[in-house]
């Protein structure tokens, strides 16, 4: 039978990509992962925040950044402000406090649309990979073998689509709560 290893690998990559994209969609809840993509210009290079400070959740709407080198506080503050994440920042004696403002109804609708667009991008990637797999494997096969191949592949596509849907539904609920 045909080896679906490449399809499975690409499917998992797509699922991981969607998870990462969804962590970048800010909901009203404080999540340290939102700062993962923010780079700080410090010490002559671009450095991720987690290499300059400890990021922890202070309460459901606030993150606490405990900066190890107090000289980097201004650089971190500037980087977060320039990231356009819509977060409020307050500097205090021990570091920074990052607050997540309440989402408006319009913003929730926009975020929901973005989440659906990301889901559709993931589905398209899965469909594209399915077609590539069929084209690679479909050569030199009898009609019965092609039918079996399509059937087995469709089961895998349905399974990954179900995982994508669950991830999307979870994010949708997070946005709308």
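Nothing in this text is a laboratory measurement; each read-out follows from the coordinates by a stated rule. In this text, all values refer to a predicted model and were calculated from it rather than measured experimentally. Cβ placement follows ideal geometry from the backbone for every residue including glycine, while neighbour counts extend to all protein chains displayed.
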>> If I compute Rg/Rh (Cα atoms, Kirkwood Rh) from the structure I just sent, which labelled value in [x] 1.14; [y] 1.05; [z] 0.93 lines up?
In response: [x]
>> I want to check the label-to-label distance for residue 84 and residue 8. Put each point 7 Å from Cα in the C-beta direction and report it in nm to one decimal.
In response: 4.1 nm
> So in the range 42-111, what percent of DSSP beta bridges are antiparallel if you round to the nearest 5?
Replying inline: 100 percent
> Can you tell which of 166, 143, 82 shows the greatest fluctuation in a Gaussian network model of the chain with Cα springs below 10 Å?
Replying inline: 143
> In whole Å, what are the Cα extents of the range 24-66 along the three principal axes, biggest one first?
Replying inline: 34, 22, 9
> Spin-label point model (7 Å from Cα, Cβ direction): what's the residue 173 to residue 120 distance in nm?
Replying inline: 2.5 nm
> Hey, fewest Cβ within 10 Å first, where do 59, 75 land in order?
Replying inline: 59, 75
> So for the pair residue 25, residue 155, with labels modelled 7 Å out along Cα→Cβ, what separation do we get in nm?
Replying inline: 3.1 nm
>> Using Cα springs under 10 Å in a Gaussian network model of the chain, which residue among 39, 11, 151 shows the largest mean-square fluctuation?
In response: 151
>> Taking every pair of distinct Cα atoms and averaging 1/r, then inverting, what Kirkwood hydrodynamic radius in Å comes out for the range 97-174?
In response: 15.1 Å
> Gain in length, residue 54 to residue 41, computed as 0.36 nm per residue apart minus the alpha-carbon separation, to one decimal in nm?
Replying inline: 3.0 nm
